[in-house]
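Working notes, beginning with the structure itself.
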Amino acid sequence: MENKPIDYKNITGWGVDADPKNDPTYPMKYRTDEEQKGYTWDRPAQQPVNIEVLHSIERPNVSAVFGTAPPPQGLSGQIRRFAFRYSESSFAHWLPLILADRVNVVEGLVDDFKRGHVPNLAAELGWKAEWKHNRKNFLKKMIGRGFMIYALYKVLSHNSKKA
Amino acid sequence: MLATSYRGPFRVRVEQKPYPEILHPQDAIVRVTRSCICGSDLHLYTGLVPDTRVGTTFGHEFIGVVEELGPEVHNLKVGDQVIVPFNIACGKCAFCKQELYGNCHESNPQATAVGGIYGYSHTAGGYHGGQAEYVRVPYADVGPMVIPEGLDPDDAVLLTDVVPTGYQAAEMAGIQPGDTVVIFGAGPVGIMAAKFSWFFGAGRVIVIDHLEYRLDFVRKYAPCEAYNFKSLEDPVVFIKKTTDWMGADVCIDAVGADASGSTMQSITGKKLLLQAGAATALHWAINSVKKGGILSIVGVYGPTGNLVPVGNILNKGITVRANQASVKRLLPKLIKHIQEGRVSPKDIITHRLPLEEAAEGYRMFAAKLDNCIKPVLIPPAAKV
């Protein structure tokens with residue numbers, strides 16, 4: 001489709017929110033100076049901390065509310081606890097968290113098997129959508145990956161025979 | 001209840017989980033009636049956001065019906081249909097008082113840069129999200145807003161994030177009548193940013209992306225000029241040429257960490273995770289804006305760092321504004337725009353799927369299949 005000349009004055013809503021005062025604009029500091037008083041506001045009630053909540057060392061406490069999605073556990077949990085010894089300003093905080101996320105994926109698979117659940121990887125990966133809307137390219141990609149796995153297998157098995 | 005469950009990069013399933021509980025006196029439990037997959041959910045889905053734990057329910061764009069209330073919630077009643085902003089905000093801290101509702105200090109223990117966000121990793125507070133039948137909504141007196149009578153639920157669900165984010169992108173750009181605005185990204189947020197740029201009086205709106213079907217859509221919807229960066233030798237040079245070699249008054253990054261267009265950025269940002277995603281759009285935006293111009297960032301990046309030409313920000317004297325959308329602040333104005341017929345957000349919805357097909361929805365959205373722009377999930381408990 002070609003780009004056509006646009007007469008902006010005919011566009012619905014043109015200029016409806018135009019305001020010379022909108023620069024500088026949000027987000028900007030309102031000179032309430034509330035935060036200059038420090039961490040002194042009337043805090044909301046504290047949600048009971050009855051699960052393990054890791055909190056940033058850049059704050060003194062757990063926030064008044066927090067989420068209860070999976071708390072740290074297993075090896076990934078150990079890595080996360082290590083990460084939270086460092087500030088958000090440190091790669092020693094974020095890189096272990098990324099590692100923990102990858103370890104957690106393996107833990108998730110192990111947990112599934114322990115519960116007798118064999119994960120349906122094709123379904124979890126949403127391959128049905130690929131099959132429905134992108135079949136040709138999807139097949140090409142799968143055949144390519146299959147070939148690469150087979151080649152890798154052949155190379156490894158050849159090397160092990162030599163050894 | 002049924003809910004999505006993250007299993008690892010590119011893997012999501014829908015499974016039975018416990019019904020959420022009231023854990024704080026200001027909590028509500030909401031039965032979800034619509035939930036979107038957001039472009040920023042793709043950063044989680046692809047494993048780009050640190051501390052995304054297996055078993056987390058995603059989803060920060062949802063509306064629903066109040067089912068239960070904690071004893072300290074006074075502004076809502078059971079049965080109310082509510083828009084739930086994606087920011088979890090206490091309304092009391094020094095930052096909420098400055099209307100920085102995306103930066104609440106009492107909703108995220110794990111990180112201080114950002115406030116709590118539903119279903120957006122432990123880096124955003126560790127909350128389960130709304131791609132589920134039911135969801136716990138903290139500070140229910142502060143964030144949620146009763147859906148005005150007559151407002152289409154499909155419009156309402158887009159008011160939880162994408163519409164205010166697009167609006168705030170244009171607002172933060174400080175657009176003045178006649179300004180040339182360049183928006184990188186023709187996803188839902190970029191589309192909305194293009195639309196709203198006119199509301200602030202833009203004289204020219206240009207959108208850059210690489211997906212023809214999205215460029216076609218935004219050309220008609222905004223309306224605006226739209227160009228495929230794959231057909232441009234260099235998008236920055238193109239912007240310079242088309243602005244009489246000055247650069248745009250305003251550039252908006254509406255892409256974030258999942259950008260395409262630079263092999264180096266994609267390898268270091270998305271494959272090797274050496275930076276917090278691929279900052280291609282941000283790089284182009286910095287270099288395309290004119291000296292003394294304004295750069296507005298609403299594309300989401302991870303918390304580590306990115307390779308962008310900071311020296312050019314300095315040398316060109318660019319003003320940079322960025323934040324998560326302050327949804328609560330913008331809702332009254334945006335609802336008025338919808339009610340008065342200036343914008344129809346629901347037109348960007350291309351796919352409606354049952355919650356049970358969330359994995360296919362994610363795949364379709366991530367791989368840009370079937371001309372997907374905005375997928376909406378309908379949980380079985382929606383009953384509407």
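Each reported figure results from applying straightforward, stated rules to the coordinates on display, with no laboratory input. Small disclaimer: the values here were computed from a predicted structure and weren't measured. All Cβ positions, even for glycine, are placed from backbone atoms using ideal geometry, and neighbour counts span all protein chains on display.
Karplus couplings for segment A:104-111 from phi (6.51 cos²θ - 1.76 cosθ + 1.60, θ = phi - 60°), rounded to Hz, Gly and Pro as x?
4, 5, 5, 4, x, 5, 4, 4
Can you flag which of A:Lys9/B:Lys220; A:Lys21/B:Lys316; A:Lys132/B:Lys368 are past 18 Å Cα-Cα?
Result: A:Lys21/B:Lys316 exceed 18 Å.
Amide H of B:Cys104 versus every other amide H placed in the peptide plane: which residues, excluding those fewer than 5 positions away on the same chain, fall under 5 Å?
Residues meeting the amide H criterion: B:Gly115, B:Gly116.
Return the distance in nm (one decimal) between the two label points of a simple spin-label model at A:Ala122 and A:Met1, each offset 7 Å from Cα along Cα→Cβ.
3.7
May I ask which of B:Lys195/B:Lys241; A:Lys114/A:Lys162; B:Lys328/B:Lys374 have a Cα-Cα span longer than 31 Å here?
Long pairs (Cα-Cα over 31 Å): A:Lys114/A:Lys162.
Can you tally the net charge around B:His74? Count Lys and Arg as +1, Asp and Glu as -1, for every other residue whose Cβ sits under 14 Å from the Cβ of B:His74.
Local charge sum for B:His74: -3.
May I ask for the net charge around A:Leu121, where only other residues with Cβ less than 10 Å from the Cβ of A:Leu121 are counted and Lys, Arg are +1 while Asp, Glu are -1?
Net of charged neighbours comes to +2.
Before rounding to the nearest 500, sum -39500 (n - 2.57) across all DSSP H runs of length at least 4 in chain B and divide by the residue total; then give [θ] at 222 nm in deg cm²/dmol.
Calculated from helices alone, the mean residue ellipticity at 222 nm is -7000 deg cm²/dmol.
Can you compute the charge dipole magnitude of segment A:53-119 about its Cα centre, using +1 on each Lys and Arg Cβ and -1 on each Asp and Glu Cβ, nothing else charged? Give it in debye, rounded to the nearest 20.
Result for segment A:53-119 is approximately 140 debye, rounded to the nearest 20.
With a 10 Å radius around each residue's Cβ, average the other Cβ atoms per peptide and rank B:212-219, A:104-111, highest first.
B:212-219, A:104-111
Once you compute Rg and the Kirkwood Rh from C-alpha atoms, what is the Rg to Rh ratio for the protein assembly as shown?
Rg/Rh: 0.96.
Would you list the P(r) distribution for segment B:182-281, with all Cα-Cα distances sorted into 10 Å bins from 0 and each bin expressed as a whole %?
Whole-percent P(r) values from 0 Å outward: 16, 45, 31, 7, 0.
Calculate one ³J(HN,Hα) per residue across segment B:355-369 by plugging θ = phi - 60° into the Karplus curve 6.51 cos²θ - 1.76 cosθ + 1.60, and present them in order as whole Hz with x for glycine and proline.
3, 4, 9, 4, 4, 5, x, 4, 4, 4, 6, 5, 8, 6, 8
What residues have an amide H closer than 5 Å to that of B:Ile378, excluding those fewer than 5 places away on the same chain, when H is modeled at 1.01 Å from N in the peptide plane?
Under 5 Å from the amide H of B:Ile378 lie the amide H atoms of B:Leu353, B:Leu355, each far enough along the sequence or on another chain.
Where Lys and Arg each count +1 and Asp and Glu each count -1, what net charge lies around B:Pro177 among other residues with Cβ under 14 Å from its Cβ?
Around B:Pro177, the surrounding residues sum to -2.
Amide H neighbours of B:Thr56 under 5 Å, at least 5 residues apart or on other chains, H built in the peptide plane: list them.
B:Tyr6
What value, in deg cm²/dmol to 500, does the helix sum -39500 (n - 2.57) over DSSP H runs of n ≥ 4 give at 222 nm once divided by the residues of chain A?
-14500 deg cm²/dmol
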